Every structure is written in C-alpha cells, then in structure tokens.
Amino acid sequence: MRVTVRLFARLRDLAGTGELQREVPAPATVSSVWQALADEMPALRAYEHTMSVAVNADYCRMTTPVHDGDDVAFLPPVSGG
Amino acid sequence: MAVSAAPLDLAELTAAVTADTTADGAVTSFAGLVRQENQGRRVSYLDYEAYEPLAVRALERICAEVRTAWPAARVGVHHRIGRLELGEASIVIVAAAPHRADAFAACRYVIERVKQIVPIWKHEHFEGGDVWLEGNTADPDDEAARLAAHRIACG
C-alpha cells in the first residue's frame, strides 16, 4: 500500500523534502512507517522520542493503524506563538 | 480561528469576537511580536511554518476547551505564518466575557495552549546563522499539560 509522508520544520530540513510517497507492507502502523523512513534516513531518529505524529491531519499515536492512501505526518516539538 | 500569511489585524478580530452581543463587560487581547533578541542571539527575522489543517483543528480544540472552562467567554485567535520582520505580530488573541476575570483567564489560556499543542514552528534567522526553535512535544491528550495551562491562566 501507498502512503504520503509529511515532515515539518527541522525534520523536513533533515530529509530535504516535506512530502514523500512510500510503499509500506500491510498491515501498517504509524510506527512501521516511521521505522522504514528512519532506516532510510537515520538522521531523523533523533526525533523518535520527542516528535508528535498525525494521520490525515489528526493527532494520533505510534500504534495507530495506517491504511492505503493515508497521510502520515511527523512533527518536531512545536514552537508557535 | 485562522492560520494565514496575511498581516494580523487585532481590531478586526476584536470586532468579530464582540459582534452580535451586548453581554460582554470585558474584552482582553494578546499580541505576540517578533523580538530582536532571543537567548543571546540578535534576531534578523522569523520564518513560521505550520501544518495548516492540523493547526486549525488544534485551535478549534483550544476554543472548545475555553467554552468548557469559561462558558461565558468567547475567544478568537489568528496565527500568522511565513516570514515575519522584527516587531510584527505573529499571533493575536481576543477574549470577551461578561466579567474581566474570565476574559483575562481565557486569553492567557489560549496562548499557553497554542505553545503546547498547535503544530507551528519558528525558524529563527539571526546574525550568524539560523535555528529551528523547538518547545513542547504536542500532545492534546496530556491532561497534566492542559491543567498547567489552566493554572497559569487563573494566576
């Protein structure tokens, strides 16, 4: 199945892009999408314990299931205001 | 609730929040500005990035929390994104309520929660380099964080 991965702020800088398409084996979770991405780009791993995650623009957990066509976002600690 | 690249207009937001009622006895507002100094660095400008659909949802969630905590209060909030020069407003918040205690508290609560859970990031450009600022790990379900914001809001 195919998912869209979105990266923001420094994660986007580290990856060199804010949006990627990735094939992942089903059944998938946010965690399995992340592990594949971090294997591909080890520099991202520094954020594993401080980032937030979202599926289809809703906050979720690493254990949240991911389906074909979903939008999976990885978010560094926020600094708005 | 809005996230946009357009310059912020406090008067316009105030008019929107206070329209259609004469029940308000108090209106408070907060504007966050781009400061020239941060952690000893001389700031040149800030570039704000947002995950816009989730940022709007997070702002809506904060407003719902305000309605629960201060049922008589109403709030509006606009956050700007893109490049902001020194002195420009990055966020404006307006809170209106029949009494000042609720208006002050709701306004303070919104800015504290924005800093906790809204997916927006500052990319600081300073003399000699640039850095992504990173604050809180956003978790809207973190009750301890929400209660901390509520305590700060109530002084």
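Read-outs: derived from the displayed coordinates by stated rules, not from any lab. These numbers come from a predicted model, not from an experiment. Every residue, glycine as well, gets a Cβ built from its backbone with ideal geometry; the counts of neighbours run over all protein chains shown.
Brief remarks follow.
- Test: residue in the stretch B:11-23 that is surrounded by 13 or more Cβ atoms within 10 Å (Cβ to Cβ), away from every other protein chain (no Cβ under 14 Å) and in a loop (DSSP other than H, G, I, E, B): no
- Residue that is within 14 Å of chain A (Cβ to nearest Cβ) and either on the phi > 0 side of the Ramachandran plot or without any contact (Cβ under 8 Å) to a residue 24 or more places away in the chain (or both), where the choices are B:80, B:57, B:67: B:57
- Counting the residues of the stretch B:33-60 that are surrounded by fewer than 19 Cβ atoms within 10 Å (Cβ to Cβ) and under 13 Å from the mean Cα position of the chain (by Cα) gives 3.
- Residue match in the stretch B:96-115 (condition: in a loop (DSSP other than H, G, I, E, B) and surrounded by fewer than 19 Cβ atoms within 10 Å (Cβ to Cβ)): yes
- Restricting the stretch B:137-155 to residues that are within 13 Å of another protein chain (Cβ to nearest Cβ) and surrounded by 18 or more Cβ atoms within 10 Å (Cβ to Cβ) leaves a set whose member that is nearest to residue B:42 (Cα to Cα) is B:137.
- Against the conditions (1) crowded, with 16+ Cβ neighbours inside 10 Å; (2) touching a strand residue (DSSP E or B) at 6+ places or on another chain (Cβ under 7 Å); (3) not in a strand (DSSP E or B), residue A:32 satisfies every one except (2).
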